[in-house]
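Remarks on the structure that follows.
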Amino acid sequence: MSISRKLLAAVLATGLAGAAQAAEDNIKIGLVLPLSGPFSTVGKQILDGVNLYVERYGDAIGDRKVELVIRDDTGIAPDISKRAAQELVVQEKVDVLAGFGFTPSAFAVAPLATSAKKPMIVMNAATSSITERSPYIVRTSSTMGQFTAPMAIWAANNGMKKVYTLVADYGPGHDSEAQFLKTFAQEGGTIVGSVRMPVQNPDFSPFLQRVKDEKPDAVFLFVPAGEQGVSFIKGYRERGLDKEGIQLISTGDITTEDQLSAVGDRALGLITSFTYSEAHDSKVNKEFTEAYYKKFPNQRPTFLTVGGYDGMHLIYEVLKKIGADASGDDFIAAAKGMAWESPRGPISIDPETRDIIQNVYIRKVEKVDGRLQNIEFDHVAAFKDPGKEK
Ligand code: PHB
């Protein structure tokens with residue numbers, strides 16, 4: 001090799017080593033999200049929230065660049081979630097695990113967070129016990145009990161004496177059913193039927209028919225966000241349950257902003273309980289939605305976008321406080337008790353449970369400026385997960 005070529009090789013090697021060094025210094029956030037399959041909108045909306053946060057607040061924390069390492073776990077596929085998280089920890093050496101659209105995915109990864117001592121930020125999965133599966137878990141989304149208890153109280157206080165519950169047959173559905181049964185009974189109501197429906201590709205017709213035959217005052221529903229809510233609402237109207245006087249009440253998973261246009265006017269008047277509405281009236285939400293529309297002109301933000309956005313806020317603020325090299329234990333200690341104003345309203349991390357404390361709103365679907373919106377008309381302030389009450 002000529003001297004000049006040797007010199008060039010040396011320069012290149014140094015340059016490459018420098019680049020590798022820089023990449024090693026990056027703060028790596030490993031995201032496990034459902035980005036394909038029937039629930040891909042869940043992952044995409046969380047990721048939109050993550051990317052919006054990075055765009056608004058910069059891709060560096062202190063002098064370290066933030067690098068997102070994204071893995072698709074395809075939906076309800078815990079083995080894939082687990083493999084993805086293992087790869088993120090072992091090969092990619094991520095500093096933080098985040099994402100988790102579905103409960104089975106969060107359950108599958110929790111033991112790994114514990115053994116690797118990695119902070120694990122749950123940005124959607126909503127089964128109460130998730131945060132009990134590892135001391136390294138913090139949740140920035142919600143729990144099913146948080147939505148369901150206020151809905152049961154509202155139903156009992158608004159003339160509904162007999163309710164039929166229909167839920168997806170897995171963690172969040174079971175939590176939602178248990179909470180509705182408990183709270184509605186405490187409020188003096190009667191449950192006239194409770195059925196669990198398959199979570200994958202359900203055909204709602206037989207369930208709607210059973211409810212129609214029973215003639216309760218209301219049917220309480222939980223199905224995961226996405227297209228299922230749209231087909232349930234269509235079936236509810238087409239089979240005439242509304243005309244029989246059976247009110248549909250639900251968690252807000254069925255009236256997410258991205259699905260409202262698909263449901264159309266059939267959604268008008270539906271009552272749901274939830275934490276985020278695009279129409280939430282606050283300065284923080286106004287700024288958030290404006291930044292969102294600029295980045296995603298043809299889309300609408302949802303609770304999933306906000307779960308991802310707030311998850312990033314938590315990661316940024318904790319790492320700013322403790323430094324990027326701090327341990328998983330330091331991370332969790334700093335996250336406990338953190339409080340800030342989210343686009344959904346004031347939120348904080350319960351220092352005892354590492355779960356989120358937040359307002360839960362009762363909303364009605366109305367048309368505002370030609371657009372279907374969840375209009376908040378009542379709320380329970382600073383509500384803790386009732387699923388953890390022993
Ligand atoms: C969950 O699996 O915990 C889950 C998924 C989607 C939702 C709510 C809960 O809309």
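Observations, loosely collected:
- Compactness ratio for the chain: Cα radius of gyration over 2.2 N^0.38 Å (N = residue count) comes to 1.06.
- Under the convention that each Lys and Arg Cβ holds +1 and each Asp and Glu Cβ holds -1, the size of the dipole of segment 223-302 around its Cα centre is about 100 debye.
- Computed extension gain for Val90 through Lys336, at 0.36 nm per residue and net of the alpha carbon distance, reaches 85.9 nm.
- Listed residue (Ile70, Ile356, Ala125) projecting farthest to the positive dipole end of the chain, Cβ model: Ile70
- Most simply put, the chain has about 40% antiparallel DSSP beta bridges, counting only bridges with both residues inside it.
- The chain, relative contact order in percent, only Cα pairs under 8 angstrom and at least six apart counted: 17 percent
- In terms of packing, defined here as the mean over residues of other Cβ atoms within 10 angstrom, the peptides 200-209, 180-189, 77-86 line up highest first as 77-86, 180-189, 200-209.
- Farthest positive-ward along segment 206-346 dipole, Cα basis, beta-carbon charges - from Thr305, Val211, Ile322: Val211
- Note on segment 89-133 and segment 214-253: Cα centroid distance 32 Å, given to the nearest whole angstrom.
- In degrees, nearest ten, helix 40-57 long axis to first principal axis of the chain (Cα): 50 degrees
- Distance between the pseudo-spin-label points of Lys286 and Ser129 (7 Å out from Cα toward the beta carbon): 4.5 nm.
- Separation in nanometres of the label points that stand 7 Å from Cα toward Cβ, at Glu238 and Lys162: 2.7 nm
- Rounded to the nearest 10 degrees, the angle from helix 78-90 to the longest Cα principal axis of the chain is 20 degrees.
- The C-alpha atoms of the chain define a longest principal axis, and helix 171-186 lies at about 40 degrees to it.
- Rg/Rg_ref, segment 127-196, where Rg_ref = 2.2 N^0.38 Å and atoms are Cα: 1.21
- Ordering of 94-107, 222-235, 311-324 by packing [mean C-beta count within 10 Å, highest first]: 94-107, 222-235, 311-324
- Taking label points 7 Å from Cα along the Cα-to-Cβ direction, Lys215 and Lys320 give a separation of 6.0 nm.
- The relative contact order of segment 121-250, computed from alpha carbon pairs under 8 Å that lie at least 6 residues apart in sequence, is 23 percent.
No lab work stands behind these numbers, since they all come straight from the coordinates. None of the values given here were measured: they were computed from a predicted structure. Reconstructed Cβ throughout: ideal geometry from the backbone, glycine too, with neighbour counts over all protein chains shown.
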